[in-house]
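Accompanying notes for the structure given below.
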Amino acid sequence: MSYADVAALLPLMIVSATAVFLMIAIAIRRNHKVAVTISLIGLVAALGSLDLAASVLPRQVTSFFILDSYSFLYMAILLSAAAFVLLFAYDYLNCREEHPEELYILVLLATTGAMVLVASRNFASFFLGLELLSVALYAVIAYVRTESISIEAGIKYLVLAASSSSVLLFGLALIYFESGSMELSQFTATATRTAGHANSSLLVTGLMLVLTGVGFKLAVVPFHLWTPDVYEGAPLPVTAFIATVSKGGMFALLLRWFHVSSGHIAGAAGLVLSIIAIASMLTGNLLALRQTNVKRILAYSSIAHMGYLLVALLAGGPLGAAAATYYLAAYLVTILGAFGVMTALSGPRLEAASLDGYRGLFWRKPLVAAAFMTMLLSLAGIPLTAGFLGKFYVLTAGAAESRWVLIFTLIASSTIGLFYYLRIVVVMYARPADAGTIRDVSILPLPLPTTIALAALTGLVFLLGVYPALFWGTIVEVTRNLG
């Protein structure tokens with residue numbers, strides 16, 4: 001490998017080296033504060049190295065990785081999200097009896113896997129990145145061993161993720177058998193191939209199997225059944241990680257290899273993805289109406305939001321990739337803030353997950369309630385928030401390619417979603433009948449790191465919603481050469 005290859009891989013190498021160094025440090029002496037400090041330094045160093053590595057871009061490193069401005073943009077998003085997760089995890093684990101240090105190793109390894117997905121151009125690197133991400137998630141989901149619901153969630157995810165990986169691997173094998181190539185660009189060739197093309201049956205079958213594995217990771221219908229149970233059972237910081245880094249890495253890969261810059265995805269792949277998008281938007285929002293657990297509400301909400309992202313992917317054209325990237329960035333900031341508030345309000349024995357636990361929160365912690373309301377309104381797509389502009393760009397991309405069925409479904413399902421978001425807001429601002437009505441929510445002051453993180457995320461929600469030009473131009477430039 002040349003110096004330029006090493007420089008281009010520097011962000012990946014730093015995160016991997018941080019995990020190894022942290023493992024050695026834990027073996028010498030356990031210290032929670034040292035462990036989180038090492039982890040955060042590693043993530044910040046990897047984030048800083050993106051600027052140095054950008055000087056050698058674009059670069060193909062062996063046949064496995066394509067490192068360009070697109071992959072680096074998503075790496076920056078994933079590294080930032082992982083850093084926020086670690087900030088929330090520190091205070092969450094600090095008041096629990098579990099040994100917390102190993103969780104940081106697993107988060108670093110999972111982040112490395114997501115970064116590998118972002119830069120993959122080959123079936124082998126794709127599958128290795130996916131498995132590195134998945135295996136780490138098996139452990140962190142069940143990390144709180146004293147909670148039976150956490151163990152149950154870990155086992156469910158293990159069984160279903162292993163099954164979906166097998167299906168995905170078989171699909172990759174079919175595509176390789178038919179095409180003779182392990183390049184992920186075969187996805188694009190298969191997606192845009194006309195239905196009557198000779199010898200395309202194995203390619204289409206392989207593509208459908210691959211979409212099954214990808215659909216499981218994104219938790220879209222009909223591969224969504226694990227989502228509410230895993231979201232509810234996993235520790236809150238881990239739930240935030242699954243909703244952001246895990247899904248963000250997988251969607252970045254899907255967007256790179258399925259985006260069509262002229263026109264939109266057609267054929268069998270376009271039809272299947274359209275059905276999945278419509279079903280996800282409607283199912284996610286309708287099932288969320290029946291929930292009284294905030295973690296399960298956000299779980300079903302995430303299914304709907306993945307459907308919104310698929311609308312931008314299906315739209316394609318010059319705006320599709322940029323709209324999807326902006327929406328994903330807005331969603332990750334918002335969902336991190338939502339789970340951050342929930343983590344901050346959780347006590348040592350009980351998480352702040354029950355809807356009744358938020359009754360009267362405004363009268364006890366007005367700033368925290370205001371931050372949570374901001375995140376909920378952004379998820380609902382209310383103006384002046386990041387979520388509103390994200391949906392605006394998605395609708396614009398869809399309208400440009402005349403994807404009217406998808407657009408109308410998005411609008412209708414978003415209207416349904418308003419109900420359960422506003423229901424949480426109403427509960428927070430209702431006057432408690434007595435002090436016991438908010439017994440599930442910690443009344444201790446928020447730690448300084450958590451306060452700073454929530455303030456930064458709240459500011460980003462408004463910044464992305466009021467001044468999109470700061471990021472939109474960069475996103476358009478980065479995604480221009482996709483497809």
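The values are calculated or read from the model by the stated rules, or taken from the named source; none is laboratory data. Model, not experiment: these values are computed from the prediction. A quick note on method: Cβ atoms are made from the backbone with ideal geometry, for glycine too, and the neighbour counts reach across all protein chains shown.
Considering only residues that are under 21 Å from the mean Cα position of the chain (by Cα), among the polar types (S, T, N, Q) and farther than 15 Å from L117 by Cβ, which ones fall in segment 47-82?
Across segment 47-82, the qualifying residues are S69, S80.
Six or more apart or on different chains, Cβ atoms under 6 Å: show the pairs whose first residue is in segment 65-91 and buried (at least 24 other Cβ atoms within 10 Å of the Cβ) and whose second is in a strand (DSSP E or B) and not aliphatic (A, V, I, L, M).
L67/R59
Please state which one of L132, L172 is within 22 Å of the chain's Cα centre (by Cα) and either within 30 Å of A352 (Cα to Cα) or not charged (D, E, K, R) (or both). Walk me through it before giving the result.
Values: L172 fails: within 22 Å of the chain's Cα centre (by Cα).
Result: L132 is the single residue among L132, L172 that is within 22 Å of the chain's Cα centre (by Cα) and either within 30 Å of A352 (Cα to Cα) or not charged (D, E, K, R) (or both).
For segment 197-297, please list each of the helices (runs of 4 or more DSSP H) lying entirely inside it that holds at least 1 residues being more than 30 Å from G357 (Cα to Cα).
Values: elements: 201-218, 227-233, 236-241, 247-258, 267-288.
Fully inside segment 197-297 and qualifying: 201-218, 247-258, 267-288.
Can you pull out every residue in segment 27-77 that is assigned to a loop (DSSP other than H, G, I, E, B), at negative phi and not hydrophobic (A, V, I, L, M, F, W, C)?
R29, R30, N31, P58, S63, D68
Among the residues in segment 1-12, are any in contact with an Asp or Glu (Cβ under 7 Å, 6 or more places away or on another chain), farther than 25 Å from A243 by Cβ and modelled with pLDDT under 90?
no
Tell me yes or no: at least one residue of segment 355-371 is within 30 Å of V118 (Cβ to Cβ), out of contact with any strand residue (DSSP E or B) (no Cβ under 6 Å at 6 or more places or on another chain) and assigned to a helix (DSSP H, G or I).
yes
List, please: which pairs have Cβ atoms under 6 Å, are six or more places apart or on different chains, and start with a residue in segment 414-425 that is farther than 11 Å from I297 by Cβ and buried (at least 17 other Cβ atoms within 10 Å of the Cβ) and end with one that is at pLDDT below 95 and among the small types (G, A, S)?
What qualifies is S414/G381.
Got a number for residues in segment 310-348 being closer than 27 Å to A455 by Cβ and either free of Cβ contacts under 8 Å to residues at least 12 places away in the same chain or assigned to a helix (DSSP H, G or I) (or both)? Can you show your working first?
The initial filter retains those residues of segment 310-348 that are closer than 27 Å to A455 by Cβ, namely 325-348.
Cutting the leftovers down to either free of Cβ contacts under 8 Å to residues at least 12 places away in the same chain or assigned to a helix (DSSP H, G or I) (or both) gives us 325-345.
Residues that pass the stated criteria total 21.
Determine, yes or no, whether L132 is crowded, with 23+ Cβ neighbours inside 10 Å and either touching a helix residue (DSSP H, G or I) at 6+ places or on another chain (Cβ under 7 Å) or of a type outside the set (D, E) (or both).
No; evaluated as a whole, the condition is false for this residue.
In segment 366-381, what residues are touching a residue at least 12 places away in the same chain (Cβ under 8 Å), farther than 12 Å from V425 by Cβ and not small (G, A, S)?
Once the filter is applied, which keeps residues that are touching a residue at least 12 places away in the same chain (Cβ under 8 Å), farther than 12 Å from V425 by Cβ and not small (G, A, S), segment 366-381 yields only V368.
Taking segment 396-408 as the region of interest, how many residues are outside any loop (DSSP other than H, G, I, E, B) and surrounded by fewer than 22 Cβ atoms within 10 Å (Cβ to Cβ)? Step through it out loud before you land on a result.
Going through segment 396-408, the residues outside any loop (DSSP other than H, G, I, E, B) turn out to be 396-400, 404-408.
Those still in the list that are surrounded by fewer than 22 Cβ atoms within 10 Å (Cβ to Cβ) too: 396, 399-400, 404-405, 407-408.
Number satisfying all stated conditions: 7.
Of the residues A19, A25, A35, A53, which single one is small (G, A, S), touching a helix residue (DSSP H, G or I) at 6+ places or on another chain (Cβ under 7 Å) and within 27 Å of F471 (Cβ to Cβ)?
Working: A19 fails: within 27 Å of F471 (Cβ to Cβ); A25 fails: within 27 Å of F471 (Cβ to Cβ); A35 fails: within 27 Å of F471 (Cβ to Cβ).
Checking each option against the conditions leaves just A53.
Could you tell me whether segment 190-200 includes any residue that is at positive phi and at pLDDT below 90?
yes
Give me the pairs, please: first residue somewhere in segment 24-53 and buried (at least 18 other Cβ atoms within 10 Å of the Cβ), second residue anywhere and outside any helix (DSSP H, G or I), beta-carbon distance under 9 Å, and either six or more positions apart or on two chains.
I26/H99; A35/P100; V36/P100; A53/L9; A53/R59; A53/L67
Among the residues of segment 464-477, which ones are in contact (Cβ under 8 Å) with a residue 60 or more places away in the chain and of a type outside the set (S, T, Y)?
Those that are in contact (Cβ under 8 Å) with a residue 60 or more places away in the chain and of a type outside the set (S, T, Y): L464, G465, V466, P468, F471, W472, I475, V476, E477.
Give the residue that is nearest to N285 (Cα to Cα), with candidates limited to residues of segment 364-385 that are small (G, A, S) and either surrounded by 24 or more Cβ atoms within 10 Å (Cβ to Cβ) or at pLDDT 95 or above (or both).
This residue is G381.
Select from segment 173-184 the residues that are assigned to a helix (DSSP H, G or I) and surrounded by 21 or more Cβ atoms within 10 Å (Cβ to Cβ) and list them in ascending order. Before you say what the answer is, go through the steps one by one.
Initial filter on segment 173-184 (assigned to a helix (DSSP H, G or I)): 173-179.
I175 - this is the single residue of segment 173-184 that is assigned to a helix (DSSP H, G or I) and surrounded by 21 or more Cβ atoms within 10 Å (Cβ to Cβ).
Please state which of the following conditions T450 fails to meet, knowing it meets all the rest: (1) at pLDDT 90 or above; (2) of a type outside the set (A, V, I, L, M); (3) within 21 Å of the chain's Cα centre (by Cα); (4) surrounded by 15 or more Cβ atoms within 10 Å (Cβ to Cβ).
(1)
Quick check, is G316 at pLDDT below 90, among the small types (G, A, S) and surrounded by fewer than 24 Cβ atoms within 10 Å (Cβ to Cβ)? Give the steps one after another, and end with the answer.
Working: at pLDDT below 90: yes; among the small types (G, A, S): yes; surrounded by fewer than 24 Cβ atoms within 10 Å (Cβ to Cβ): no.
No.
So which residues in segment 111-125 are over 17 Å from the mean Cα position of the chain (by Cα) and either part of a helix (DSSP H, G or I) or surrounded by fewer than 22 Cβ atoms within 10 Å (Cβ to Cβ) (or both), if there are any at all?
N122, F123, A124, S125
Which of the residues belonging to segment 348-364 are of a type outside the set (S, T, N, Q) and under 20 Å from I297 (Cβ atoms)?
L350, E351, A352, A353, L355, D356, G357, Y358, R359, G360, L361, F362
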